1. Of all accessible surface on the chain at a 1.4 Å probe, what whole percent is carbon and sulfur?
2. How much of Arg9 can a 1.4 Å solvent probe reach, expressed as accessible area in Å² and rounded to 10?
3. What is the Cα centroid distance between the stretch 74-120 and the stretch 160-196, reported in whole angstrom?
4. Can you run phi through the Karplus equation (6.51, -1.76, 1.60; θ = phi - 60°) for the stretch 231-244 and list ³J(HN,Hα) in whole Hz, with x for Gly and Pro?
5. Rounded, prolate or oblate, given the Cα gyration tensor of the stretch 124-244, with a/c below 1.5 counting as rounded?
6. For the chain, what is the mean residue ellipticity at 222 nm derived from helices alone (per DSSP H run of n ≥ 4: -39500 (n - 2.57); sum divided by total residues; nearest 500 deg cm²/dmol)?
7. For the chain, what is the accessible area per residue in Å², given a 1.4 Å probe and the full set of protein chains?
8. State the label only: which of [x] 24; [y] 14; [z] 51 corresponds to percent of Cα pairs over 34 Å apart computed from the shown model?
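The values are calculated or read from the model by the stated rules, or taken from the named source; none is laboratory data. Predicted, not measured: the structure shown is a model, and the values here were computed from it. Cβ coordinates were reconstructed from backbone atoms using ideal geometry, including for glycine residues, and neighbour counts include every protein chain displayed. With ligands, DNA and RNA removed, areas are computed over all heavy atoms of the protein, side chains included. Shrake-Rupley method; radii C 1.70, N 1.55, O 1.52, S 1.80 Å.
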Amino acid sequence: RVRATVSWRPVILASTGAGLLLVGLADQQSRIGGPMTLPLFWAGILLIVGPSIWRLLAPEPTRDERISIALLLGLALYLVKVMASPIAFTLADEFTHWRTLDDVLSSGHLFADNPLLSISPVYPGMEAAAAAATVSSGLGVFPLAMILMGAARVVMVLSLFLAAGMITHSGRVAGIAAVIYMANPSFLSFDAQFSYESLALPLALLAIWAVLCWSRHRGRSVFHGGLALAAIAATTVTHPLTSF
């Protein structure tokens, strides 16, 4: 017998879009001091998170469906942060790293002194990558930073899912692991801002997944070994705590 499978991805996509719309309305209410800010915000978060968690917990979805849902959830929560300030930096850490990036762009050199955050120029991995992308693409600093952090979010969720799936041999457990990680308080805003930790954590998770793949191939996979070394090196020059 052939069992027909139904994908809930369109429903979850629609629910996520509706949730982002409510979050956008909550942001607008917040700007004008409206009374509906918190109800709209939490209703939007519920629409974003609820259906995705329900589907990831279910036993029926395929591995590909679970990956797509986890990625959608991670990016939607990233957009919640972006929508709060869609045209400019607003968080304190973003200004300190913007200063380091501006020093790199104006001088053409790394390791310039930054009185706002003295450790930032010592670990310039994120600023060096952003500077190279800004010069080569011609994009402004803010849109380029948002694209870079969005790409980092994709790497983070995908690496976490694949690593958990490889360890447990279960796509369902991998999806649950991704949801548990996304529930940590830093995921929604702090690790979505233009800051060195926001890039270093995805790089560290990528290194863990690559090492697991390299080990599974008994050290014979040149690709995974090279990827692991590159991710480890990138993490080391990006954020001290994540490196430890």
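1. Values: 8980 of 12690 Å².
In the chain, the share of accessible area belonging to carbon and sulfur is 71 percent.
2. 100 Å²
3. For the stretch 74-120 versus the stretch 160-196, the Cα centre distance is 24 Å.
4. So the J values, rounded to whole Hz, are 5, 5, 5, 5, 5, 4, 9, 10, 8, x, 5, 5, 4, 5.
5. Values: a/c = 2.14, a/b = 1.37, b/c = 1.56.
Verdict is oblate for the stretch 124-244.
6. Numbers: 10 runs with 176 residues, N = 244.
So the calculated ellipticity at 222 nm is -24500 deg cm²/dmol.
7. Working: 12690 Å² over 244 residues.
Each residue of the chain exposes 52 Å² on average to a 1.4 Å probe.
8. Computed from the coordinates, percent of Cα pairs over 34 Å apart corresponds to [x].
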